[in-house]
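Colleague: Supplied in structure tokens, the structure appears directly below.
The values are calculated or read from the model by the stated rules, or taken from the named source; none is laboratory data. Note that this is a predicted model, so its numbers are computed, not measured. When we count neighbours, we look across all protein chains shown, and the Cβ atoms used for this are built from the backbone with ideal geometry, even at glycine. When the accessible area is computed, the model is the full protein with side chains, heavy atoms only, and any ligands, DNA or RNA have been set aside. Shrake-Rupley method; radii C 1.70, N 1.55, O 1.52, S 1.80 Å.
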Amino acid sequence: MRRFRKQCDRFFEYWGSYCFRYRWLVLATSLLLASGLIAQLPRITVDTSTEGFLRPNDPTLLTYNDFRDQFGRDIPILLAIGPIEVFEHDFLKTLQALHGELEEVHKVHEVTSLINIRETRGEKDQLIVSDLLETIPGSEEEMLALRQRVLSNPLYSGNIISPDGRITLLTLETDTYSSLEATRTDWEDFDSAENSPSASEPQPAYITGKENLEIVRDVREIVQRYDGPDFPIQTTGSPALSEQLQFYIGNNMKRFMLLGLMTIAGFLYFLFRRLSAVLLPMLVIVLSLLSTLGCMALAKVPITVPSQILPSFLVAVGVGYTVHLLVVFFQDFDESSNKEESLASGLAHSGVPIVMTAITTIAGLLSFTVSDLLPIAHFGAFSALGVGMALLYTLTLLPALLAIAPLRPKAPKCKGSEADKEPSRLDDFLLSCAELGCNHPWKIVCGLVVIVVIAVCGAAQLRYSHMPQEWLPDTDPVKIATDFVDEEFLGSGRIELVIDTQRENGIQEPEVLRRMESIAALVEQIGLEQDNRLGKTISLLDIIKETNQALNENQLAHYKIPTDRELIAQELLLFENSGSDDLEEYTDSQFSLARMSIRAKRVDSFINIDFFDEIEQEFKDIIGDQAEVRMTGLLVLMSAAMKAVIFSLSRSYGIALMLITPLMMLLIGSVRGGLISMVPNITPILMTLGLMGWFDLPMDIFTLLIGAIAIGLAVDDTIHFIHSFQRYYHESGDAEWAIQQTMRTTGKALLFTSLVLATGFFIFMLSSMSNLFNFGLLTGFAISVAFLCDVTVTPALLILASRTKKPWNLGQRDELSDA
């Protein structure tokens with residue numbers, strides 16, 4: 001193994017000379033590749049939808065798609081107007097004008113408000129189904145009669161009007177299908193062509209995220225013209241929430257990525273005191289990121305919520321790779337003034353560990369590709385590709401640029417001068433860490449065990465959470481509107497039930513309808529028992545009851561389901577012939593299945609996981625053998641996605657560790673060394689989990705992926721440290737001296753990269769979004785812990801493993817170094 005490493009070192013030494021001699025060829029080839037991939041960027045898309053989390057052949061998504069194909073979308077835009085006196089002539093005229101303008105918005109399928117909500121009544125022998133406000137009342141008596149009629153109607157109260165009559169709700173249903181794409185894109189179906197029941201037929205594409213954003217923005221423009229003290233409007237609903245989250249995350253990520261890059265650039269200049277040491281690494285990092293995004297565009301893979309941390313991850317990887325090479329290159333160049341020799345020396349010293357770190361990081365990331373969640377799988381695949389891009393540009397483009405750039409060696413500093421004191425303090429800090437590890441290894445190991453135990457106790461208190469509206473600032477209008485509608489209308493979200501009898505006219509059977517009534521009663525009971533967690537139900541039952549009441553002289557006593565099947569069929573036929581198309585929203589043309597919409601508050605999706613499983617089973621028990629019950633809707637989809645997140649990421653992290661551990665053994669060339677290397681790799685993750693548990697920081701989709709960054713960076717640092725240690729240990733046979741020399745070279749590079757990266761991530765703590773604040777805090781913390789473990793725990797473990805521990809002190813260091 002030692003001979004193989006020497007051969008690798010010789011190869012990279014040769015490669016450094018090659019890059020110097022053929023620098024223009026290497027530069028042209030690298031830039032040609034980068035420009036070809038970057039040219040694909042205009043084709044990249046963004047998908048922040050919940051349904052985009054699941055694979056196309058996922059049973060939960062297939063159920064949801066069947067529902068959408070039959071009944072349309074279940075995620076309307078909601079406009080809450082009030083609190084104000086609703087039953088007033090000027091208010092209703094303004095509402096009518098607003099309603100009319102909203103109906104003209106492109107891709108809005110239907111607008112429902114007090115203006116056009118269904119009113120069913122009987123006049124003599126006729127069934128009349130019309131819009132509620134075909135004409136606005138002109139007199140006070142007519143307005144009072146309208147108020148009484150509206151507030152007493154079970155369909156209206158808690159659905160379109162608040163119980164006190166001071167808040168009204170407009171519901172905007174958008175189109176189900178896209179007008180931009182004729183069929184679903186290849187990336188949606190590439191892994192399920194054989195499993196999809198309709199794979200042989202082209203599937204219409206559902207409305208895209210881009211179209212959703214355009215709808216929400218068009219609606220906002222109209223709302224802004226009407227909003228005011230006499231007509232206060234609040235906008236919410238899943239499309240509005242998604243648009244707001246995308247706006248915040250996009251703006252925050254851009255702003256803080258820019259601030260992070262500026263901070264990293266500042267630190268690089270401070271550490272190297274060379275403009276080239278800033279510009280060249282930044283160019284490598286930016287090209288790696290843009291090339292990766294270009295590959296995503298080429299593969300028709302959209303940017304999703306998980307992939308939004310991809311830039312931060314690739315910046316971290318790119319900084320680590322380039323800094324390790326630059327530290328050795330500039331140290332040698334300042335002494336020799338020979339670029340070719342310095343490139344050869346830098347790559348001979350750092351080339352092997354850089355490749356080793358890339359291999360282990362890629363292996364760990366590829367474990368995410370087996371995830372049941374498509375965005376997580378895409379993140380694993382393209383972050384691994386991004387690491388490969390960073391490796392490629394670090395070993396080709398960076399040496400070529402160093403060969404071309406007009407660099408000058410720094411003049412040697414006068415011994416004892418003020419300028420000489422700064423690096424000696426840095427060396428003193430690193431060598432003090434080495435001395436601590438070498439002289440007190442068991443104390444460090446015992447201290448580590450105590451810290452890990454405390455961290456594990458904290459990690460045991462972790463709570464999972466996925467509540468996107470809570471990421472927004474407390475002052476955000478959409479967050480305020482969501483809470484407002486949840487409180488006043490007992491839910492801004494929906495749970496959808498599909499009762500499928502699987503027989504023609506089966507839904508007209510009185511027993512089936514009776515059991516559906518029992519479900520509605522159970523929903524009401526759950527709402528009362530669980531802090532109004534569930535709200536009003538709307539279904540075919542309402543149409544049948546309204547019709548039955550209207551055909552019985554509008555008497556309230558007849559607001560019920562008839563017991564005769566033939567009578568039910570006749571009433572539904574009369575309703576259908578009245579000219580209303582509302583039936584198609586709640587049943588199919590064969591009357592074999594029915595839809596029941598349940599208002600639900602937006603609570604944590606992880607809390608909903610067990611809750612939804614429980615109530616679905618209760619619904620199935622009520623229906624019994626009369627029909628099949630399928631529960632779906634966006635809220636159900638979110639819970640299913642988060643349930644898959646826990647399982648998929650737990651499995652992916654387990655696979656990552658199983659892949660990385662033997663790779664570390666193989667690359668380091670020792671089982672003992674590989675096991676030692678895993679201690680400082682796992683410790684930062686455990687301590688980060690402990691911090692989250694003790695300080696009640698939730699585990700969400702962002703913080704779940706911090707582990708990928710932490711493993712990648714921790715493994716990188718450890719490999720560089722142990723590789724450098726082995727080089728010096730094989731030269732001297734003295735573990736303490738090898739650790740000292742490792743601290744002088746690799747230790748300095750580790751400090752630089754950790755300082756730069758931790759600061760770059762801590763910048764995210766300035767964000768107004770709680771998820772990005774936590775992301776910055778925890779990632780910066782993990783990087784800091786990884787560095788401290790590498791300069792204290794790793795030396796202690798190496799000393800214990802080498803069995804050559806001897807006391808030493810600061811005064812002996814220079815003698816050993818000179819030797």
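Colleague: Quick test of your reading of the structure: PHE773 fulfils all but one of (1) free of Cβ contacts under 8 Å to residues at least 12 places away in the same chain; (2) open to solvent by less than 10 Å² (accessible area, probe 1.4 Å); (3) not acidic (Asp, Glu). Name the failing condition by number.
Modeller: PHE773 satisfies every listed condition except (2).
Colleague: Follow-up. Of all the residues that make up region 227-273, how many are without any contact (Cβ under 8 Å) to a residue 24 or more places away in the chain and of a type in the set (S, T, N, Q)?
Modeller: Summing the residues that are without any contact (Cβ under 8 Å) to a residue 24 or more places away in the chain and of a type in the set (S, T, N, Q) in region 227-273 gives 1.
Yes/no matrix, rows are residues, columns are (1) among the small types (Gly, Ala, Ser); (2) farther than 30 Å from THR369 by Cα; (3) surrounded by 14 or more Cβ atoms within 10 Å (Cβ to Cβ); (4) more than 37 Å from the chain's Cα centre (by Cα):
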{"position": "ARG3", "(1), (2), (3), (4)": "no, yes, no, yes"}
{"position": "ASP9", "(1), (2), (3), (4)": "no, yes, yes, yes"}
{"position": "LEU25", "(1), (2), (3), (4)": "no, yes, no, yes"}
{"position": "ALA34", "(1), (2), (3), (4)": "yes, no, yes, no"}
{"position": "LEU41", "(1), (2), (3), (4)": "no, no, yes, no"}
{"position": "ASP47", "(1), (2), (3), (4)": "no, no, yes, no"}
{"position": "THR50", "(1), (2), (3), (4)": "no, no, yes, no"}
{"position": "LEU54", "(1), (2), (3), (4)": "no, no, yes, no"}
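Colleague: Also, quick follow-up: Say whether the condition of being over 30 Å from SER770 (Cα atoms), assigned to a helix (DSSP H, G or I), modelled with pLDDT under 80 and not basic (Lys, Arg) is met by at least one residue in region 699-714.
Modeller: Checked against the condition, which is being over 30 Å from SER770 (Cα atoms), assigned to a helix (DSSP H, G or I), modelled with pLDDT under 80 and not basic (Lys, Arg), region 699-714 yields no hits at all.
Colleague: Select from region 189-243 the residues that are assigned to a loop (DSSP other than H, G, I, E, B), open to solvent by 60 Å² or more (accessible area, probe 1.4 Å) and among the polar types (S, T, N, Q) and write down the one among them that is modelled with the highest pLDDT.
Modeller: So, considering only residues that are assigned to a loop (DSSP other than H, G, I, E, B), open to solvent by 60 Å² or more (accessible area, probe 1.4 Å) and among the polar types (S, T, N, Q), the one modelled with the highest pLDDT is SER200.
Colleague: Looking at region 245-262, can you tell me whether even one residue there is closer than 21 Å to PHE484 by Cβ, under 26 Å from the mean Cα position of the chain (by Cα) and modelled with pLDDT of 90 or more?
Modeller: If we filter region 245-262 for residues that are closer than 21 Å to PHE484 by Cβ, which is where we start, we get 245, 247-248.
Retained after the next criterion (residues that are under 26 Å from the mean Cα position of the chain (by Cα)): 245, 247-248.
From the residues that got through so far, the ones that are modelled with pLDDT of 90 or more too are none.
No, because not a single residue in region 245-262 is closer than 21 Å to PHE484 by Cβ, under 26 Å from the mean Cα position of the chain (by Cα) and modelled with pLDDT of 90 or more.
Colleague: What is the number of the single condition among (1) crowded, with 17+ Cβ neighbours inside 10 Å; (2) out of contact with any strand residue (DSSP E or B) (no Cβ under 9 Å at 6 or more places or on another chain); (3) among the hydrophobic types (A, V, I, L, M, F, W, C) that ILE519 does not meet?
Modeller: (2)
Colleague: Taking GLY654, is it surrounded by fewer than 17 Cβ atoms within 10 Å (Cβ to Cβ), under 24 Å from ILE454 (Cα atoms) and of a type outside the set (S, T, N, Q)?
Modeller: yes
Colleague: Conditions: (1) part of a loop (DSSP other than H, G, I, E, B); (2) closer than 30 Å to VAL305 by Cα; (3) of a type in the set (D, E, K, R). ASP613 meets all but one. Number of the miss?
Modeller: Condition (1) is where ASP613 drops out.
Colleague: Take the residues in region 432-481 that are in a helix (DSSP H, G or I) and polar (S, T, N, Q); name whichever of them is surrounded by the most Cβ atoms within 10 Å (Cβ to Cβ).
Modeller: Here the residue is GLN469.
For every residue, the table says whether it meets (1) more than 30 Å from ILE81 (Cα to Cα); (2) surrounded by fewer than 19 Cβ atoms within 10 Å (Cβ to Cβ); (3) over 44 Å from the mean Cα position of the chain (by Cα).
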residue: ASP483; (1), (2), (3): no, yes, no
residue: THR537; (1), (2), (3): no, no, no
residue: ASP564; (1), (2), (3): yes, yes, yes
residue: ALA569; (1), (2), (3): yes, yes, yes
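Colleague: Look at SER580 and say whether it is in contact with an Asp or Glu (Cβ under 8 Å, 6 or more places away or on another chain), open to solvent by less than 40 Å² (accessible area, probe 1.4 Å) and among the polar types (S, T, N, Q). Even if it seems obvious, please write down each step before you answer.
Modeller: Numbers: in contact with an Asp or Glu (Cβ under 8 Å, 6 or more places away or on another chain): no; open to solvent by less than 40 Å² (accessible area, probe 1.4 Å): yes; among the polar types (S, T, N, Q): yes.
It is false that SER580 is in contact with an Asp or Glu (Cβ under 8 Å, 6 or more places away or on another chain), open to solvent by less than 40 Å² (accessible area, probe 1.4 Å) and among the polar types (S, T, N, Q).
Colleague: Test PRO662 against the stated conditions and say whether it is open to solvent by 30 Å² or more (accessible area, probe 1.4 Å) and not hydrophobic (A, V, I, L, M, F, W, C). Walk me through it before giving the result.
Modeller: On the way: open to solvent by 30 Å² or more (accessible area, probe 1.4 Å): yes; not hydrophobic (A, V, I, L, M, F, W, C): yes.
Yes: the conditions hold for PRO662.
Colleague: Can you say whether LEU528 is in contact with a Gly (Cβ under 7 Å, 6 or more places away or on another chain), over 28 Å from PRO239 (Cβ atoms) and open to solvent by 50 Å² or more (accessible area, probe 1.4 Å), as far as the supplied structure shows? Lay out the reasoning, then the answer.
Modeller: Values: in contact with a Gly (Cβ under 7 Å, 6 or more places away or on another chain): no; over 28 Å from PRO239 (Cβ atoms): yes; open to solvent by 50 Å² or more (accessible area, probe 1.4 Å): yes.
No: the conditions fail for LEU528.
Colleague: Before we move on, is THR661 touching a strand residue (DSSP E or B) at 6+ places or on another chain (Cβ under 9 Å) and among the hydroxyl-bearing types (Ser, Thr, Tyr)?
Modeller: Considered against the rule, which asks whether it is touching a strand residue (DSSP E or B) at 6+ places or on another chain (Cβ under 9 Å) and among the hydroxyl-bearing types (Ser, Thr, Tyr), THR661 comes out as no.
Colleague: How about region 385-402: which of its residues are open to solvent by 10 Å² or more (accessible area, probe 1.4 Å) and either in contact with a strand residue (DSSP E or B) (Cβ under 7 Å, 6 or more places away or on another chain) or in a helix (DSSP H, G or I) (or both)?
Modeller: LEU385, GLY388, MET389, LEU391, LEU392, LEU395, LEU401
Colleague: Additional query: Go through region 105-119 and report how many residues are β-branched (Val, Ile, Thr), in contact with a strand residue (DSSP E or B) (Cβ under 6 Å, 6 or more places away or on another chain) and either surrounded by fewer than 21 Cβ atoms within 10 Å (Cβ to Cβ) or more than 15 Å from THR171 (Cα to Cα) (or both).
Modeller: 2
Colleague: Please pick out the residue among GLU576, GLU585 that is more than 30 Å from ASP483 (Cβ to Cβ) and touching a helix residue (DSSP H, G or I) at 6+ places or on another chain (Cβ under 8 Å). Break it down stepwise before answering.
Modeller: Values: GLU585 fails: more than 30 Å from ASP483 (Cβ to Cβ).
Being more than 30 Å from ASP483 (Cβ to Cβ) and touching a helix residue (DSSP H, G or I) at 6+ places or on another chain (Cβ under 8 Å) holds for just one of GLU576, GLU585, which is GLU576.
Colleague: Return the only residue of LEU92, LEU78, LEU102 being surrounded by 16 or more Cβ atoms within 10 Å (Cβ to Cβ) and under 28 Å from VAL498 (Cβ atoms).
Modeller: On the way: LEU92 fails: under 28 Å from VAL498 (Cβ atoms); LEU102 fails: under 28 Å from VAL498 (Cβ atoms).
The conditions single out LEU78.
Colleague: Note down all Cβ pairs under 7 Å where the first residue falls in region 752-768 and is under 14 Å from TYR269 (Cα atoms) and assigned to a helix (DSSP H, G or I), the second is aromatic (Phe, Trp, Tyr) and open to solvent by 40 Å² or more (accessible area, probe 1.4 Å), and they're at least six residues apart or on different chains.
Modeller: LEU755/PHE267; VAL756/PHE267
Colleague: Being part of a loop (DSSP other than H, G, I, E, B), at pLDDT below 95 and open to solvent by less than 90 Å² (accessible area, probe 1.4 Å) is true for just one of GLY122, GLY138. Which residue is that?
Modeller: GLY138 is the lone residue from the list that is part of a loop (DSSP other than H, G, I, E, B), at pLDDT below 95 and open to solvent by less than 90 Å² (accessible area, probe 1.4 Å).
Colleague: Let me ask something else about it. From the list LEU275, LEU169, LEU180, exactly one residue is of a type outside the set (Val, Ile, Thr), surrounded by fewer than 20 Cβ atoms within 10 Å (Cβ to Cβ) and at pLDDT 85 or above. Which is it?
Modeller: Being of a type outside the set (Val, Ile, Thr), surrounded by fewer than 20 Cβ atoms within 10 Å (Cβ to Cβ) and at pLDDT 85 or above holds for just one of LEU275, LEU169, LEU180, which is LEU275.
Colleague: Sticking with this one: Among (1) open to solvent by 70 Å² or more (accessible area, probe 1.4 Å); (2) in a helix (DSSP H, G or I); (3) over 30 Å from ALA405 (Cβ atoms); (4) at pLDDT 85 or above, which single condition is GLU85 missing?
Modeller: All conditions pass for GLU85, except number (2).
Colleague: Where residues in region 279-331 are at pLDDT below 90 and touching a Phe, Trp or Tyr at 6+ places or on another chain (Cβ under 6 Å), which of them is surrounded by the fewest Cβ atoms within 10 Å (Cβ to Cβ)?
Modeller: LYS300
Colleague: Restricting to region 305-328, what's the tally of residues that are part of a helix (DSSP H, G or I) and either aliphatic (A, V, I, L, M) or free of Cβ contacts under 8 Å to residues at least 24 places away in the same chain (or both)?
Modeller: Selection size over region 305-328: 12.
Colleague: Separate question: Across region 731-745, what is the total count of residues that are under 26 Å from PHE267 (Cα atoms) and either open to solvent by 10 Å² or more (accessible area, probe 1.4 Å) or touching a strand residue (DSSP E or B) at 6+ places or on another chain (Cβ under 7 Å) (or both)?
Modeller: 3
Residue by residue, here is whether (1) of a type in the set (D, E, K, R); (2) in a helix (DSSP H, G or I); (3) open to solvent by 40 Å² or more (accessible area, probe 1.4 Å); (4) at pLDDT 95 or above holds:
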position: ASN552; (1), (2), (3), (4): no, no, yes, no
position: LEU574; (1), (2), (3), (4): no, yes, yes, no
position: GLU618; (1), (2), (3), (4): yes, yes, yes, yes
position: ILE622; (1), (2), (3), (4): no, yes, yes, yes
